[in-house]
1. For Cα pairs less than 8 Å apart in space and 6+ apart in sequence, what is the mean separation divided by the residue count of the range 81-134, i.e. the relative contact order in percent?
2. For the chain, take N as its residue count and report Rg(C-alpha) divided by 2.2 N^0.38 Å.
3. Out of all DSSP beta bridges in the chain, what portion is antiparallel? Express it as a percent rounded to 5.
4. Report the Cα-based extents of the range 115-201 along its three principal axes, largest first, to the nearest Å.
5. Nearest 500 deg cm²/dmol is fine: what mean residue ellipticity at 222 nm does the chain get from its DSSP H runs of n ≥ 4 alone, each adding -39,500 (n - 2.57), divided by its residue count?
6. What ³J(HN,Hα) values, in whole Hz, does the Karplus curve 6.51 cos²θ - 1.76 cosθ + 1.60 give for the range 97-102 when θ = phi - 60°, with x put for Gly and Pro?
7. Rounded to the nearest 5, what % of DSSP beta bridges with both residues in the range 41-156 are antiparallel?
8. Just to make sure I understand: if all protein chains stay in place, what is the order of K195, K154, K149, K240 by accessible area at 1.4 Å, largest first?
Amino acid sequence: MRAHKLTNEEHVSTSVTAFQAPALDKVRILVVGDVMLDRYWFGDVSRISPEAPVPIVRIEKREARLGGAANVARNAAALGAHAGLLGVVGADEAGTEVEQLLQGGGIHSYLKRDDAISTIIKLRVIGRQQQMVRIDFEEAPTDTVLRDKLLQFKALLADYDVIVLSDYAKGSLVNVADMIASARAAGKVVMVDPKGDDFSRYAGATVLTPNKSEMKRIVGSWNSEEQLTAKAQQLRAELKLDALLLTRSEEGMTLYTENDQFHMPAQAREVFDVSGAGDTVIATMACMLGAGAGWHEAVQTANRAGGIVVGKLGTATVTREELFDAGN
(Lines give C-alpha, C1' and ligand atoms only; values in the text may rest on other atoms or scores of the structure.)
Protein backbone atom coordinates (compact mmCIF):
# COMPACT_ATOMS: atom_id res chain seq x y z
CA MET A 1 0.00 0.00 0.00
CA ARG A 2 1.25 3.50 -0.76
CA ALA A 3 0.76 6.37 1.67
CA HIS A 4 -1.86 8.99 0.94
CA LYS A 5 -0.54 12.01 -0.99
CA LEU A 6 -1.25 14.98 1.25
CA THR A 7 -2.63 18.30 0.09
CA ASN A 8 -3.15 21.48 2.04
CA GLU A 9 -6.68 22.01 0.75
CA GLU A 10 -8.16 18.91 2.34
CA HIS A 11 -10.98 19.55 4.75
CA VAL A 12 -12.87 17.00 6.81
CA SER A 13 -16.14 17.54 8.59
CA THR A 14 -15.96 17.64 12.38
CA SER A 15 -19.04 15.45 12.58
CA VAL A 16 -18.98 11.99 14.10
CA THR A 17 -18.27 10.45 10.70
CA ALA A 18 -14.72 11.76 11.02
CA PHE A 19 -14.13 9.07 13.63
CA GLN A 20 -15.21 6.05 11.63
CA ALA A 21 -12.48 3.45 12.01
CA PRO A 22 -10.19 3.39 8.95
CA ALA A 23 -8.29 0.33 7.74
CA LEU A 24 -5.33 0.82 10.06
CA ASP A 25 -4.30 -2.82 9.71
CA LYS A 26 -3.16 -1.99 6.18
CA VAL A 27 -0.81 0.79 7.33
CA ARG A 28 2.92 0.10 7.64
CA ILE A 29 4.81 2.43 9.99
CA LEU A 30 8.54 2.43 10.66
CA VAL A 31 9.52 4.17 13.90
CA VAL A 32 13.14 5.26 14.28
CA GLY A 33 14.71 6.95 17.27
CA ASP A 34 15.77 6.74 20.89
CA VAL A 35 14.62 3.43 22.36
CA MET A 36 14.06 3.25 26.11
CA LEU A 37 12.82 0.88 28.77
CA ASP A 38 10.39 2.44 31.24
CA ARG A 39 10.42 0.67 34.58
CA TYR A 40 7.79 1.33 37.22
CA TRP A 41 8.16 0.33 40.86
CA PHE A 42 4.87 0.63 42.74
CA GLY A 43 4.74 0.63 46.50
CA ASP A 44 3.17 1.74 49.76
CA VAL A 45 4.18 4.96 51.51
CA SER A 46 3.45 4.94 55.24
CA ARG A 47 6.43 6.55 56.97
CA ILE A 48 9.33 8.96 56.67
CA SER A 49 12.92 7.78 56.67
CA PRO A 50 14.85 8.35 59.93
CA GLU A 51 17.98 8.97 57.81
CA ALA A 52 16.61 11.95 55.86
CA PRO A 53 13.26 13.80 55.48
CA VAL A 54 12.12 11.62 52.58
CA PRO A 55 9.28 9.09 52.30
CA ILE A 56 10.02 5.37 52.43
CA VAL A 57 8.40 3.45 49.57
CA ARG A 58 7.98 -0.26 50.23
CA ILE A 59 7.94 -1.79 46.74
CA GLU A 60 5.06 -4.19 46.12
CA LYS A 61 4.95 -4.46 42.32
CA ARG A 62 7.33 -3.96 39.40
CA GLU A 63 6.38 -3.33 35.78
CA ALA A 64 8.30 -2.67 32.57
CA ARG A 65 6.96 -0.84 29.52
CA LEU A 66 8.38 0.30 26.20
CA GLY A 67 9.53 3.93 26.26
CA GLY A 68 10.69 6.64 23.89
CA ALA A 69 10.57 5.61 20.23
CA ALA A 70 9.52 2.13 21.35
CA ASN A 71 6.40 3.62 22.93
CA VAL A 72 5.50 5.27 19.61
CA ALA A 73 5.73 1.87 17.92
CA ARG A 74 3.72 0.32 20.74
CA ASN A 75 0.96 2.89 20.24
CA ALA A 76 0.86 2.32 16.49
CA ALA A 77 0.66 -1.45 16.99
CA ALA A 78 -2.11 -1.04 19.59
CA LEU A 79 -4.20 0.70 16.92
CA GLY A 80 -3.70 -2.25 14.57
CA ALA A 81 -0.97 -0.89 12.30
CA HIS A 82 1.99 -2.97 11.17
CA ALA A 83 4.76 -1.32 13.19
CA GLY A 84 8.52 -1.74 12.88
CA LEU A 85 11.12 -0.25 15.24
CA LEU A 86 14.70 0.68 14.35
CA GLY A 87 16.92 1.81 17.19
CA VAL A 88 19.83 0.98 19.48
CA VAL A 89 19.91 -0.82 22.83
CA GLY A 90 22.73 -2.21 24.90
CA ALA A 91 23.86 -5.82 24.85
CA ASP A 92 22.39 -6.24 28.31
CA GLU A 93 19.43 -7.60 30.26
CA ALA A 94 17.38 -4.45 29.70
CA GLY A 95 17.95 -4.68 25.94
CA THR A 96 16.70 -8.26 26.00
CA GLU A 97 13.62 -7.14 27.94
CA VAL A 98 12.91 -4.49 25.28
CA GLU A 99 13.12 -7.19 22.59
CA GLN A 100 10.68 -9.37 24.55
CA LEU A 101 8.23 -6.50 25.00
CA LEU A 102 8.38 -5.72 21.29
CA GLN A 103 7.64 -9.34 20.45
CA GLY A 104 4.74 -9.40 22.91
CA GLY A 105 3.32 -6.22 21.37
CA GLY A 106 3.47 -7.52 17.82
CA ILE A 107 6.16 -5.00 16.80
CA HIS A 108 8.80 -5.97 14.25
CA SER A 109 12.20 -5.37 15.81
CA TYR A 110 15.19 -4.03 13.90
CA LEU A 111 17.10 -3.18 17.07
CA LYS A 112 20.87 -2.85 16.97
CA ARG A 113 22.80 -4.12 20.00
CA ASP A 114 25.69 -1.88 21.08
CA ASP A 115 28.24 -3.67 23.27
CA ALA A 116 29.74 -0.36 24.41
CA ILE A 117 26.62 1.09 26.07
CA SER A 118 23.79 0.22 28.43
CA THR A 119 20.14 0.36 27.36
CA ILE A 120 18.44 3.64 28.27
CA ILE A 121 16.28 3.09 31.35
CA LYS A 122 13.87 5.45 33.08
CA LEU A 123 13.01 4.08 36.51
CA ARG A 124 9.98 5.64 38.17
CA VAL A 125 9.08 4.96 41.80
CA ILE A 126 5.34 5.34 42.39
CA GLY A 127 3.75 5.67 45.82
CA ARG A 128 0.05 6.36 46.43
CA GLN A 129 -0.45 6.74 42.66
CA GLN A 130 2.09 9.57 42.58
CA GLN A 131 5.59 9.58 41.13
CA MET A 132 8.06 9.98 44.00
CA VAL A 133 11.29 9.98 41.99
CA ARG A 134 12.62 9.17 38.52
CA ILE A 135 16.09 7.74 37.95
CA ASP A 136 17.60 7.84 34.43
CA PHE A 137 20.34 5.62 33.02
CA GLU A 138 21.50 6.68 29.57
CA GLU A 139 24.48 6.60 27.20
CA ALA A 140 24.79 7.68 23.54
CA PRO A 141 25.27 4.92 20.91
CA THR A 142 28.67 4.49 19.26
CA ASP A 143 29.42 5.77 15.74
CA THR A 144 29.86 2.28 14.27
CA VAL A 145 26.41 1.13 15.36
CA LEU A 146 24.83 4.38 14.12
CA ARG A 147 26.37 3.91 10.66
CA ASP A 148 24.97 0.38 10.48
CA LYS A 149 21.58 1.72 11.58
CA LEU A 150 21.54 4.33 8.79
CA LEU A 151 22.30 1.69 6.16
CA GLN A 152 19.50 -0.52 7.46
CA PHE A 153 17.09 2.44 7.52
CA LYS A 154 17.62 3.05 3.82
CA ALA A 155 17.18 -0.67 3.09
CA LEU A 156 13.86 -0.74 4.99
CA LEU A 157 12.25 2.29 3.32
CA ALA A 158 10.62 0.30 0.52
CA ASP A 159 8.68 -1.81 3.05
CA TYR A 160 6.94 1.07 4.88
CA ASP A 161 4.44 3.85 4.12
CA VAL A 162 5.01 6.28 6.97
CA ILE A 163 8.29 7.04 8.76
CA VAL A 164 8.17 8.41 12.32
CA LEU A 165 11.41 9.87 13.69
CA SER A 166 11.16 10.05 17.48
CA ASP A 167 13.95 12.27 18.79
CA TYR A 168 14.57 12.34 22.54
CA ALA A 169 18.05 13.87 22.14
CA LYS A 170 19.77 10.69 23.36
CA GLY A 171 22.03 10.29 20.32
CA SER A 172 20.20 7.80 18.11
CA LEU A 173 19.18 10.35 15.46
CA VAL A 174 22.44 12.12 14.67
CA ASN A 175 21.83 11.17 11.01
CA VAL A 176 18.27 12.50 10.99
CA ALA A 177 18.82 14.92 8.06
CA ASP A 178 20.08 12.08 5.87
CA MET A 179 17.13 9.91 6.96
CA ILE A 180 14.59 12.60 6.08
CA ALA A 181 16.15 13.22 2.67
CA SER A 182 16.22 9.51 1.84
CA ALA A 183 12.66 8.90 3.01
CA ARG A 184 11.23 11.88 1.16
CA ALA A 185 13.10 10.92 -2.01
CA ALA A 186 11.39 7.54 -1.68
CA GLY A 187 7.98 9.25 -1.50
CA LYS A 188 7.29 8.51 2.16
CA VAL A 189 5.36 10.55 4.69
CA VAL A 190 7.96 11.62 7.28
CA MET A 191 6.80 12.70 10.73
CA VAL A 192 9.22 14.07 13.34
CA ASP A 193 8.84 14.54 17.08
CA PRO A 194 11.67 17.07 17.51
CA LYS A 195 14.05 18.03 20.32
CA GLY A 196 16.78 20.58 20.92
CA ASP A 197 17.63 24.14 19.99
CA ASP A 198 18.11 23.61 16.24
CA PHE A 199 15.27 22.35 14.07
CA SER A 200 17.17 22.91 10.80
CA ARG A 201 18.19 19.25 10.73
CA TYR A 202 14.51 18.35 10.33
CA ALA A 203 14.11 20.44 7.17
CA GLY A 204 12.12 18.75 4.42
CA ALA A 205 10.04 16.51 6.69
CA THR A 206 6.31 16.21 6.04
CA VAL A 207 5.30 17.38 9.52
CA LEU A 208 6.91 18.29 12.84
CA THR A 209 5.05 17.88 16.15
CA PRO A 210 6.72 20.11 18.78
CA ASN A 211 5.12 20.88 22.12
CA LYS A 212 4.86 24.41 23.53
CA SER A 213 8.19 24.43 25.38
CA GLU A 214 10.04 22.99 22.38
CA MET A 215 8.45 25.60 20.12
CA LYS A 216 9.42 28.47 22.43
CA ARG A 217 13.05 27.35 22.40
CA ILE A 218 13.07 27.76 18.63
CA VAL A 219 10.88 30.81 17.91
CA GLY A 220 10.74 32.57 21.27
CA SER A 221 7.62 33.44 23.25
CA TRP A 222 4.41 34.92 21.86
CA ASN A 223 1.81 37.31 23.24
CA SER A 224 -1.16 36.48 21.02
CA GLU A 225 -2.55 33.85 18.70
CA GLU A 226 -1.74 36.11 15.76
CA GLN A 227 1.90 36.32 16.80
CA LEU A 228 2.07 32.56 17.37
CA THR A 229 0.56 31.90 13.94
CA ALA A 230 3.07 34.19 12.26
CA LYS A 231 6.01 32.51 14.00
CA ALA A 232 4.70 29.01 13.34
CA GLN A 233 4.09 29.71 9.67
CA GLN A 234 7.52 31.29 9.28
CA LEU A 235 9.17 28.24 10.85
CA ARG A 236 7.10 25.87 8.68
CA ALA A 237 8.10 27.76 5.53
CA GLU A 238 11.78 27.99 6.49
CA LEU A 239 11.96 24.23 7.11
CA LYS A 240 9.95 23.44 3.94
CA LEU A 241 7.41 21.40 5.90
CA ASP A 242 3.99 20.43 4.57
CA ALA A 243 2.63 21.02 8.07
CA LEU A 244 3.54 21.87 11.65
CA LEU A 245 1.46 20.47 14.51
CA LEU A 246 1.88 22.34 17.80
CA THR A 247 0.73 20.32 20.82
CA ARG A 248 -0.35 22.71 23.59
CA SER A 249 -1.27 20.58 26.64
CA GLU A 250 -4.49 21.91 28.18
CA GLU A 251 -4.90 24.28 25.21
CA GLY A 252 -5.24 21.40 22.74
CA MET A 253 -3.30 21.38 19.49
CA THR A 254 -2.99 23.56 16.39
CA LEU A 255 -2.09 22.47 12.87
CA TYR A 256 -0.43 24.94 10.48
CA THR A 257 -0.29 24.27 6.74
CA GLU A 258 0.44 26.63 3.85
CA ASN A 259 -3.17 27.67 3.36
CA ASP A 260 -4.76 26.71 6.65
CA GLN A 261 -4.73 26.90 10.43
CA PHE A 262 -6.77 24.33 12.32
CA HIS A 263 -7.19 24.26 16.11
CA MET A 264 -8.57 21.46 18.28
CA PRO A 265 -9.29 22.10 21.99
CA ALA A 266 -8.01 19.55 24.52
CA GLN A 267 -10.31 16.60 25.17
CA ALA A 268 -8.85 15.25 28.42
CA ARG A 269 -11.59 14.47 30.92
CA GLU A 270 -9.20 14.08 33.86
CA VAL A 271 -5.42 14.23 33.64
CA PHE A 272 -3.45 11.64 35.60
CA ASP A 273 -0.17 11.52 33.68
CA VAL A 274 1.06 13.28 30.54
CA SER A 275 4.17 11.10 30.12
CA GLY A 276 4.12 9.50 26.69
CA ALA A 277 1.11 11.51 25.48
CA GLY A 278 3.16 12.99 22.63
CA ASP A 279 4.07 9.45 21.55
CA THR A 280 0.38 8.57 21.36
CA VAL A 281 -0.43 11.70 19.35
CA ILE A 282 2.25 11.20 16.70
CA ALA A 283 1.57 7.45 16.43
CA THR A 284 -2.17 8.02 15.96
CA MET A 285 -1.60 10.73 13.39
CA ALA A 286 0.85 8.49 11.52
CA CYS A 287 -1.74 5.71 11.42
CA MET A 288 -4.43 8.04 10.12
CA LEU A 289 -2.26 9.65 7.42
CA GLY A 290 -1.05 6.22 6.33
CA ALA A 291 -4.67 5.08 6.02
CA GLY A 292 -5.43 7.98 3.67
CA ALA A 293 -6.98 10.49 6.08
CA GLY A 294 -6.66 14.22 5.45
CA TRP A 295 -4.95 16.63 7.80
CA HIS A 296 -8.05 17.63 9.77
CA GLU A 297 -9.28 14.10 10.34
CA ALA A 298 -5.81 12.96 11.38
CA VAL A 299 -5.48 15.82 13.89
CA GLN A 300 -8.97 15.28 15.29
CA THR A 301 -8.28 11.61 15.88
CA ALA A 302 -4.82 12.24 17.36
CA ASN A 303 -6.30 14.85 19.70
CA ARG A 304 -8.93 12.35 20.79
CA ALA A 305 -6.24 9.74 21.47
CA GLY A 306 -4.19 12.20 23.52
CA GLY A 307 -7.23 13.03 25.61
CA ILE A 308 -7.73 9.35 26.40
CA VAL A 309 -4.13 8.44 27.18
CA VAL A 310 -3.49 11.23 29.72
CA GLY A 311 -6.21 9.64 31.82
CA LYS A 312 -3.97 6.61 32.32
CA LEU A 313 -0.96 6.25 34.62
CA GLY A 314 2.47 6.15 32.98
CA THR A 315 3.33 5.50 29.35
CA ALA A 316 0.17 3.90 27.97
CA THR A 317 -1.66 3.17 24.73
CA VAL A 318 -5.10 3.72 23.25
CA THR A 319 -7.01 0.85 21.66
CA ARG A 320 -9.04 0.99 18.45
CA GLU A 321 -12.18 0.42 20.52
CA GLU A 322 -11.43 3.36 22.84
CA LEU A 323 -10.61 5.65 19.95
CA PHE A 324 -13.37 4.86 17.47
CA ASP A 325 -16.21 3.21 19.37
CA ALA A 326 -16.56 4.83 22.78
CA GLY A 327 -18.90 7.78 22.85
CA ASN A 328 -19.73 7.68 19.14
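1. Here the relative contact order equals 38 percent.
2. Scaled against compact globular proteins, the figure is 0.98.
3. Of all bridge pairs located within the chain, approximately 50 percent are antiparallel.
4. Taking max minus min along each principal axis of the Cα atoms, the range 115-201 gives 50, 29, 28 Å.
5. The helix contribution divided over the chain gives -9500 deg cm²/dmol.
6. So the J values, rounded to whole Hz, are 5, 4, 4, 5, 5, 4.
7. 65
8. Descending accessible area places them as K240, K154, K195, K149.
The values are calculated or read from the model by the stated rules, or taken from the named source; none is laboratory data. Computed from a prediction, not measured in an experiment: that's the story for all the values here. Note that each Cβ is placed from the backbone with ideal geometry, even for glycine, and that neighbours are counted across all protein chains shown. SASA here: full protein model, heavy atoms, side chains in, ligands and nucleic acids out. Shrake-Rupley method; radii C 1.70, N 1.55, O 1.52, S 1.80 Å.
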